[in-house]
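Scroll down for the structure; my scribbles are underneath it.
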Amino acid sequence: MLRTILSILGASSLVVLLAGCKADPPGKGEVAIMTWAKHKIFVHNKSQRNPLSDNAAGVSDGKEAFSHYCAACHGLDGQNTGVPFADRMSPPVPSLAGKDVQTYTDGQLKWIIDYGIWPSGMPGSKNTLSDDEIWSIVLYLRHLPQAGSLGEPEMYTH
Amino acid sequence: MGEAHGTPPPPHSPVEDVRMKFKFAWSAMLAALLLAAPMFVQAAAAQPAPRRIEVTAKRFAFSPSEITLKKGEPVLLVLTSADVAHGIRFKELGIETKVGKGQTSELAFTPEKVGTFVGHCSVFCGSGHGGMTLTLHVVE
């Protein structure tokens, strides 16, 4: 219990400290601490299961929903393809196919899409997308296509 | 002696027999179809016109937002957009229609299951898109 409280306090003060900083890319240490803190403390809903069944129709629904709201920052492939500012944000937009994202549980991914991750650029989408759409996006995240295979989001190509 | 009566008519070959039967069967079927045709026409005419329900979609709600339908009664849902592009999808019922900006589209279906079904807007339309629903109550 004490350990958890201390961790929360430690990570929170770090966040407050960092919030006042210039938007430089985070250092390796910061990334390691924040990744740990997010997985273990900040991102809830670890045990909730995806109610949708893992099939082609579900993944295709997720791909569709993802293309409307998420693709602006994450690219159509979830790997930032064609997103001009992806590595100029602080923290940079992560590849959703990467280990840091894929090691979240389905429930945690749902939570992140619902509530966003403060103070990163990730916004919450609760009510902007329906629960069903969000769960289908979680499904899509588990079946992301080859990086670059879907081209660039239309908004950046004309 | 028998030869004096000229050539006797050739006996029916088995192939010809089958052909004759086939022809008869065809004629019988054709006749039956012709006789039954008015009944089909009558049946089609007797089917009631689907119940027409007009729904307006406007960011971020459908109006009306709840509809009660009778099981087995054909419905024509006429969806009109009052602003941007929208859609309605009832995943459980496997039906969907999309409607362009300011346009109208139709969705014909017959509810076969009793229950409550929540349809969602199926075209991303902005910040309240996720909460834009139309509820169908299907009763006996």
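Observations, loosely collected:
- Between the Cα long axis of helix A:56-69 and the first principal axis of chain A there is an angle of about 70°, rounded to the nearest 10.
- The Rg/Rh ratio of segment A:111-155, with both radii computed over alpha carbons and Rh defined as the Kirkwood radius, is 1.03.
- The radius of gyration of the Cα set in chain A, together with its Dmax, comes out at 16.1, 54 angstrom.
- Simple label model, 7 Å out from Cα along Cβ direction - A:Asp100 to B:Ala28, nm: 8.0
- Within the same chain, lysines fewer than 8 places from B:Lys71 are excluded, and of the rest, those with a Cα less than 30 Å from its Cα are B:Lys58, B:Lys91, B:Lys98, B:Lys113.
- When the alpha carbon gyration tensor of segment B:67-140 is reduced to an equivalent ellipsoid, the three semi-axes, largest first, read 23, 13, 9 Å.
- Under Karplus coefficients 6.51, -1.76 and 1.60, residue-wise ³J(HN,Hα) of segment B:76-93 in Hz, glycine/proline x: 10, 8, 9, 9, 10, 8, 9, 9, 8, 5, 9, x, 9, 9, 9, 4, 5, 8
- Distance histogram for segment A:65-123 (every C-alpha pair counted, 10 angstrom bins, percent rounded to whole numbers): 23, 59, 18
- Stretch gain in nm, segment A:Ser47-A:His143, where the contour uses 0.36 nm per residue and the Cα spacing is subtracted: 32.5 nm
- Peptide-level mean, for A:129-142, of C-beta atoms on other protein chains within 10 Å: 2
We did not get these values from a lab; they are worked out from the coordinates using the rules stated. Being a predicted model, the structure only gives us computed values, none of them experimental. Quick reminder, even Gly has a Cβ in these numbers, built from the backbone with ideal geometry, and neighbours come from all protein chains shown.
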